Amino acid sequence: MSILKKLPSKARLEQVKKLSSEIFGSTWNPNNIRNGSKILQAPLKGPQLVNYYGVNDTMPTFQDFKKWFPELKLVDPREAYRVKMVEDRKKRNKGAPKKKKE
């Protein structure tokens, strides 16, 4: 024979769940509304990604050479090509739209 004769009401169960969430520090979301708590509670991924790929300070970049030797007035060929293509697109009216003035 069961000791529990009557099941607790829904309101009482909700109170128990709310109290449980307060005690254990979990979120109380009775309506199951989507919020970012799952993502915000997850550990940050940034440090792991940095450690996986390592530090890339060993190989100097074009910008480094430009800083080290300003008297040479070096021009990055990729940047020059990009600027040329942007100007070319603007001539053909294919460039980015002008920003809205407020």
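For the range 14-29, check the following and say yes or no: at least one residue is of a type in the set (Phe, Trp, Tyr), surrounded by fewer than 10 Cβ atoms within 10 Å (Cβ to Cβ) and at pLDDT below 90. Within the range 14-29, not a single residue is of a type in the set (Phe, Trp, Tyr), surrounded by fewer than 10 Cβ atoms within 10 Å (Cβ to Cβ) and at pLDDT below 90.
Being modelled with pLDDT of 85 or more, loosely packed, with under 11 Cβ neighbours inside 10 Å, of a type outside the set (Ser, Thr, Tyr) and outside any helix (DSSP H, G or I): is that true of Ile3 here? Here the answer is no, as Ile3 does not meet what is asked.
Given the criterion farther than 30 Å from Ala80 by Cβ, within 29 Å of the chain's Cα centre (by Cα) and either basic (Lys, Arg) or modelled with pLDDT of 80 or more (or both), identify the matching residue among Gly54, Gly36. Sole residue among the options that is farther than 30 Å from Ala80 by Cβ, within 29 Å of the chain's Cα centre (by Cα) and either basic (Lys, Arg) or modelled with pLDDT of 80 or more (or both): Gly36.
The values are calculated or read from the model by the stated rules, or taken from the named source; none is laboratory data. Computed from a prediction, not measured in an experiment: that's the story for all the values here. When we count neighbours, we look across all protein chains shown, and the Cβ atoms used for this are built from the backbone with ideal geometry, even at glycine.
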